[in-house]
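Undergrad: Once you've had a glance at the structure underneath, I'll fire off some questions.
The values are calculated or read from the model by the stated rules, or taken from the named source; none is laboratory data. What you are looking at is a predicted structure, and each value in this text was computed from that prediction instead of being measured. All Cβ positions, even for glycine, are placed from backbone atoms using ideal geometry, and neighbour counts span all protein chains on display. Ligands, DNA and RNA are stripped out before the accessible areas are found, and what is left, the full protein with its side chains, is counted by its heavy atoms. Shrake-Rupley method; radii C 1.70, N 1.55, O 1.52, S 1.80 Å.
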Amino acid sequence: MSMIRDLRAAVRPARRRDDSPYRTASSAPACTNSAVVDCGVYRDGHRLPGHLTPAEAIAGVRDEGGFVWIGLHEPTEAEFAGIAQEFGLHPLAVEDAVHAHQRPKLERYDDTLFTVFKTVHYVEHAELTSTSEVVETGEVMCFTGPNFIVTVRHGGQGSLRALRHRLQEDQERLAKGPSAVLHAIADQVVDGYMAVAGAVQDDIDEVEIDVFSSGTNGKAAGGKGAGGQGTAKSGDAGRIYQLKREVLEFKRAVSPLLRPMQLLSERPMRLVDADIQKYFRDVADHLARVNEQVLSFDDLLNSILQANLAQAAVAQNEDMRKITAWAAIFAVPTMIAGIYGMNFQYMPELHWKYGYPAMMLVTVSICLGIHRGFKRNGWL
């Protein structure tokens, strides 16, 4: 809270003195912190040569025009304080950017747009298990102003280095200003969603084939017992549930971003160039398609899980029928042995020479008859 109070007092440009420490050479060490990944000044679509500190880049933009793009990776409050003060960033947005774990959103603070993107990375795995991590998420926050864009990245993926190089080759587009960078970041994030959606679709197809092929094989084989091909695998439910959790994580990154993309593509904004706004419509369309796909993943996994549970119930029912059938068969010799085990003096065929083999033959014949009947009805 003390940091927020300090920032509230610092973001008032009218009270900023000309001898601000961020304009002097002595302040360079404070601005060149380890969190700054890259810092460049762009004018007319070209990046100015040389390695500039944030303080030098800011001063150059204010004196000669253009815009500055500063990229940071997981900055601390102290590392971000100087940049936040120079650009007059709102303390609440700064706090969100430093501490991360935000849902995708678009907020406006005076002449600054604060945008939060959830980056998604597909985790490769040789085999999907009940503990496999499928989707890994990170965050990219963007502060977009009239002559600056500050990107703050959290997580090990979602690097913007390659994107920066591609944009520097498209000078006409980069000449549109900070909104062109904001669009490029949004486009890269949504393209990542589409790639992850395709990989997750493959995992779901694999699980679906495993679940339904087990039931088909069991039917073709006449319904094998526990451990056979006709039963649902014990690990299938765990794999499906784990995949549902990963899809839910994916959904939390995609769905909340729909409204911000809609605003950027439809509502006129001073900070977004009119030509760039047309490109946001394409991003919003791609995002809507990914969102529909993710929602269908959830419904499909629900159906697969229900099918797996139904197969497990059927397999359990078949096991109970087999147990019941064998119990009925063994009840016959048990009953006969129980009758002849009684201590009666006069019993039929008790002293007959062939009484024992005859009774064994009768017992076996009855058991075989019952077994044949159960077999014909599919109980065995």
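Undergrad: Mind grabbing the accessible area of E318 for me, 1.4 Å probe, Å², rounded to tens?
TA: Taking all protein chains as shown, E318 has close to 40 Å².
Undergrad: Here's another thing I want to ask about it. For E77, E127, E246, give the ranking by accessible area with the largest first, probe 1.4 Å.
TA: E127, E77, E246
Undergrad: Further question: Using alpha carbon centroids, what distance separates region 312-374 and region 132-204, in Å?
TA: Region 312-374 and region 132-204 have Cα centres separated by 75 Å.
Undergrad: Carbon-plus-sulfur fraction of the accessible area of region 37-138, 1.4 Å probe, in percent?
TA: Taking all protein chains in place, region 37-138 shows 46 percent carbon and sulfur surface.
Undergrad: Counting pairwise Cα distances across region 107-181, what percent come out greater than 15 angstrom?
TA: Of all Cα-Cα pairs in region 107-181, 65 percent lie more than 15 Å apart.
Undergrad: Mind pulling up the Rg/Rh value for region 34-77? Radius of gyration and Kirkwood radius, both on Cα.
TA: With Rg and the Kirkwood Rh in hand, the quotient comes to 0.99.
Undergrad: To continue, here is another question. Sorted by accessible area (1.4 Å probe), largest first, how do E56, E249 line up?
TA: E56, E249
Undergrad: So, R0 is 56 Å and r is the distance between the beta-carbons of R267 and S213; what FRET efficiency does that work out to, to 0.05?
TA: It comes to 0.65.
Undergrad: How much solvent-accessible surface does V189 expose, in Å² to the nearest 10, with a 1.4 Å probe and all protein chains in place?
TA: 10
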